Amino acid sequence: MRVYFAVVVLGGWILLALAGWWLPLEPHRIDLQRILMPPDAQAWLGYDDLGRPLVDRLLVGARHSLLVAVLVVAISLLAGTFIGAVSAYWGGWLDHLTVRVIDVFLAFPGILLAIALAGLMGPGLDNVVIALSLVGWVGFARLARAQVLALKHREHVVAAVSLGAGRLRIVRRHLLPLMAAPLIVEATFAVAGVVIAEAGLSFLGLGIQPPEPSWGSMIREGTRYMLVTAHMVLVPGLALLLVVLAVNMLGDWLRDRLDVRGGGERR
Amino acid sequence: MLRFLATRLLSALVVVLGVSVLVFLLIHLVPGDPVEVMLGEGSQAADREALRQALGLDRPWSVQLVQYLEGLLRLDLGISLYSRRPIADILLERLPATLELAAAGLLVAVLIALPLGIVAALRRGTAWDAGAMGFAMLGVSIPNFWMGPLLILVFSLWLGWLPVSGREGPASLVLPALTLGTAMAAILSRMIRATLLEVLGEDYVRTARAKGLSWSRVVWRHAMPNALLPIITLLGLQLGALLTGAVITEIVFSWPGIGQLVIESIHRRDYPVVQACVLLISLTYVAVNTLTDLCYAWLDPRISLGG
């Protein structure tokens, strides 16, 4: 039941984000007659502090959050899995080094490192992707490493080794398919984390820069006018909550379906 | 036990060193010239050179790194570019506010999570369980930079019960603590439910029930003490989320702590202060995690025996 909610919300998110390219959106149309006005026929989510239609800004913001989430999770998944799997399978000094590096990265709680990186590199969508990927690979690396360590002495792997298969081939053909389920679950929860992180960075003024809309910066703008009207802060926040809730529900469902233990409890 | 202590402390030390080096590298690895970013693109070459010298950025990397680490050992964090004051002094000024917020957030989290988790476990499969876990799901998913404004909207602006922002008196602590504590309460209540369910399935719980003890006595005297171990570990791990959560919560409520200092300093391009704040938060996190591990070993004799 809950998975239907998740699929509908996520489908809507992706569809609306992509549809934004073809719809005649006007996220930058300033109309000083309509500052902070409630919804009407032209903008059925109301107007912001510059009289710009919120629904248009929300859709462009959806595109940004989807883009950042897909890029960051894809980069982190590929890089992290590669680093974790290879270092665990090779072992020796390489693995020792990887473990130390992972430990050091994990010593930065949550998105603190991303905040510092984004702050130092300057704002912008590309820097957000870089900062979040630099933080994101660690979780996948740790998971992939643990999986390979648990799997590398299985009989089918030993058999492949004795048949003369190369290391990379073993990792790719004999280990990765067995690690797919936990990695997929981790990636799903990572999407939720990245969506919140992007919005958080933009909320702090370190992410996507105005006038380009992001759900995070829209919430920030909304807080300034809460005394006058609530819709500016409610609309982007509700969208954000729905998407994150749906992704988390999907993650829970996948974890149960794929029978993966643990994961997803860190943010 | 002593060997365990030594290895654990040693590995923590390695992490501390790694974190310090990484924070040092942050400012150096970032593409572009930090001095130019600090002064702006139109700055004079002479000014840039002067700042470079003042920051010691004209010296070789290796020398800078050694000097920086030496400074850390003496608790000398350098001088703020913005206020020209020693950074250690600034941090000490801001620290109490953040600690107060984190402690209050932790208290809120435990006060919410304990009853929710216990009720959900004892009434498994009922509406109580579904409600508690629904709340937990919501709490995990709601970002604190939206939760904060919502609380302000309802309790400050509409009802007028609590102050909007700032740090004046205990009333001003309520909303920030609620904002910070909710996400942690959500994760914690799931964890309490899961571990309690596991423990309640044990033989000794059935025995305790069979000899006629009441449910409340079984839960508090027999089940909870054993469920507590994994919960303590989780608390330690979650403290990291609490610390970063504090950064954002402080911004929402204009709470004058370390988190606000980080963001202010980023916007002022006061990089030495940013460095120091990030270092302080991470090292606190490492210290708490190490303490958690040691606590765990102390509470559970099986671990210390295993070395």
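Each of A:Val161 and A:Leu15 was given a label point 7 Å from its Cα along the Cα-to-Cβ line. The distance between the two points is 5.1 nm.
How tilted is helix A:112-121 with respect to the longest principal axis of chain A? Cα atoms for both, answer in degrees (0 to 90, nearest 10). In chain A, helix A:112-121 runs at an angle near 70 degrees to the longest axis. Applying 0.36 nm per residue to the separation of B:Trp215 and B:Asp47 and subtracting their alpha-carbon distance, the gain on full extension is 53.1 nm.
Projecting the Cα positions of B:Pro143, B:Leu188, B:Ala127 onto the charge dipole of segment B:91-306 (unit charges on Cβ atoms of Lys, Arg, Asp and Glu, taken about the Cα centre) puts B:Ala127 furthest along the positive direction. The dipole here belongs to chain A: it is taken about the Cα centre, uses +1 on the Cβ of Lys and Arg and -1 on the Cβ of Asp and Glu, and is about 940 debye.
Calculated on C-alpha atoms, the gyration radius of the protein assembly as shown divided by its Kirkwood radius gives an Rg/Rh of 0.98.
Applying 0.36 nm per residue to the separation of A:Val70 and A:Gln42 and subtracting their alpha-carbon distance, the gain on full extension is 7.0 nm.
Taking the C-alpha atoms only, the angle from helix A:54-90 to the longest principal axis of chain A is near 10 degrees.
Averaging Cα coordinates gives a centre for segment A:196-267 and one for segment B:108-140; these two points are 23 Å apart. The mean number of Cβ atoms from other chains found within 10 Å of a Cβ in peptide B:134-143 is 5, as a whole number.
Rounded to the nearest 10 degrees, the inclination of helix B:224-252 to the longest alpha-carbon principal axis of chain B is 40 degrees.
Taking 7 Å steps out from each Cα toward its Cβ at B:Glu36 and A:Val3 produces label points 5.3 nm apart. Here the convex hull built on the C-alpha positions of segment B:201-248 has a volume of 82 cubic angstrom per residue.
In the calculated pair-distance distribution of segment B:185-277, the portion above 23 angstrom amounts to 50 percent of the Cα-Cα pairs.
The loop-placed chymotrypsin sites (Phe, Trp or Tyr not before Pro) in segment A:1-44, going by DSSP, that have at most 11 neighbouring Cβ atoms within 10 Å of their Cβ come out as A:Trp21, A:Trp22, A:Trp44. For segment A:60-99 versus segment B:261-289, the inter-centroid distance based on Cα atoms is 25 Å. Within segment A:201-226, the residues that become at least 40 Å² less accessible when every protein chain is included than when their own chain is isolated (1.4 Å probe; DNA, RNA and ligands ignored) are A:Phe203, A:Leu204, A:Met226. A simple spin-label model places the labels of A:Arg172 and B:Ala130 4.9 nm from each other, with each point 7 Å out along Cα-to-Cβ. Based solely on its DSSP helices, what 222 nm [θ] is calculated for chain B when runs of n ≥ 4 H residues each add -39,500 (n - 2.57) and the sum is averaged over all residues, nearest 500 deg cm²/dmol? Counting only the DSSP helices, I get -25000 deg cm²/dmol. Solvent-accessible area assigned to carbon and sulfur over the protein assembly as shown amounts to 66 percent, based on a 1.4 Å probe.
For segment B:90-206, the Kirkwood estimate of hydrodynamic radius, built from reciprocal distances between every pair of different alpha carbons, is 15.6 Å.
Other residues whose C-beta falls under 13 angstrom from the C-beta of A:Val243 contribute a net charge of 0, scoring Lys and Arg +1 and Asp and Glu -1. Here B:Arg268 and A:Leu50 are evaluated by their C-beta separation; at R0 = 41 Å the FRET efficiency comes out at 0.95. Across chain B, C-alpha contacts under 8 Å between residues 6 or more apart give a mean separation that, scaled by the residue count, equals a relative contact order of 25 percent.
The values are calculated or read from the model by the stated rules, or taken from the named source; none is laboratory data. Everything numeric in this text was worked out from a predicted model, so none of it was measured. Cβ: placed from backbone, ideal geometry, glycine included. Neighbour counts: every protein chain shown. These accessible areas exclude ligands, DNA and RNA; they are computed on the full protein's heavy atoms, side chains included. Shrake-Rupley method; radii C 1.70, N 1.55, O 1.52, S 1.80 Å.
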